[in-house]
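Beneath this line is the structure, given in structure tokens, with notes to follow.
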Amino acid sequence: MPDPSTLTPVDRSGGVRMADVSQKSDSARTAVAFGRIHLGEEAFQRVRDHDINKGDVLTTAQIAGIMGAKETSKLIPLCHDVMINGVEVDFTFNEEKEAIDIRAFTKSFGVTGVEMEALTAVSVAALTIYDMCKSVTKDIRIGDVHLRAKTGGQSGNWKSEVSAEEPAQN
């Protein structure tokens, strides 16, 4: 187990605290996150055909994902409030899996990264799709939410290895 004093959100007594980023320099930062929601045949086709009673599923999920990114620090304890300069939430119909692939891109200029904002955008978009499709089926699975890439900050740039299951998107 790591020494608690080396973990920034942990204080000397083992309690939690928000990491002090006051000595960090501002830099341009971006993050890309990915997730997938498996809908099954009927719900997948109905989303594609714009035939869900609650309305336009993907537009609503896109707005929800953007709102989720903006509210991340209110949802995740100890997460810094970040001045977000941009959020994009995109969807791709995955015919083979009867799923919708979700990609979120976030960017900011500041002292801390926007990985949590991108991950939250994907998660909230997926939950919104679930909410709008649950009257069709409850057999909906949200999964594979992960960080695909990040740029900026002290740790520099990072990119995940793309699995064969997901499309190569930036």
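Worth pointing out:
- Residues whose amide H comes within less than 5 Å of that of Val162, counting only those at least five positions distant or on another chain, are absent (H built at 1.01 Å from N in the peptide plane).
- Straight Cα distances below 24 angstrom link Lys150 to the lysines Lys24, Lys70, Lys74, Lys107, Lys159, with same-chain residues fewer than 8 positions distant left out.
- Two tests apply to each whole DSSP H helix in the chain, Cα reach of 18 Å or more along its axis and mean Kyte-Doolittle hydropathy of at least -1.0, and the ones passing both are 57-70, 115-133.
- Between amide H atoms placed 1.01 Å from N, distances below 5 Å from Asn94 occur with Ala99, Ile100, Asp101, all of them 5 or more places distant or on a separate chain.
- Label point 7 Å beyond Cα of Ser73 along Cβ direction - residues of region 17-45 with amide nitrogen under 19 Å: 17-31
- Most positive-pole-ward Cα, Thr72, Thr59, His38, against dipole of the chain from beta carbon charges: Thr72
- Multiplying the residue separation of His80 and Gln154 by 0.36 nm and removing their Cα-Cα distance gives an extension gain of 25.0 nm.
- Neighbour-count order for Glu88, Glu161, fewest beta carbons within 10 angstrom listed first: Glu161, Glu88
- Radius 12 Å from Cβ of Ile52, net charge of other residues (Lys, Arg +1; Asp, Glu -1): -1
- Residue-by-residue Karplus 3J(HN,Hα) for region 138-147, coefficients 6.51, -1.76, 1.60, Hz, glycine and proline x: 9, 7, 10, 10, 9, x, 6, 6, 7, 7
- Sequence-separation-based contact order of the chain, relative, with Cα cut under 8 Å and 6+ spacing, percent: 32
- Relative frequency of Cα-Cα separations exceeding 18 Å in the chain, percent: 63
- About the Cα centre, charge dipole magnitude for region 1-127 (Lys/Arg +1, Asp/Glu -1 at Cβ), debye: 460
Readers should treat all values here as calculations from the given coordinates under stated rules, not as data from a laboratory. Computed from a prediction, not measured in an experiment: that's the story for all the values here. We place every Cβ from the backbone using ideal geometry, glycine too, and count neighbours over all the protein chains shown.
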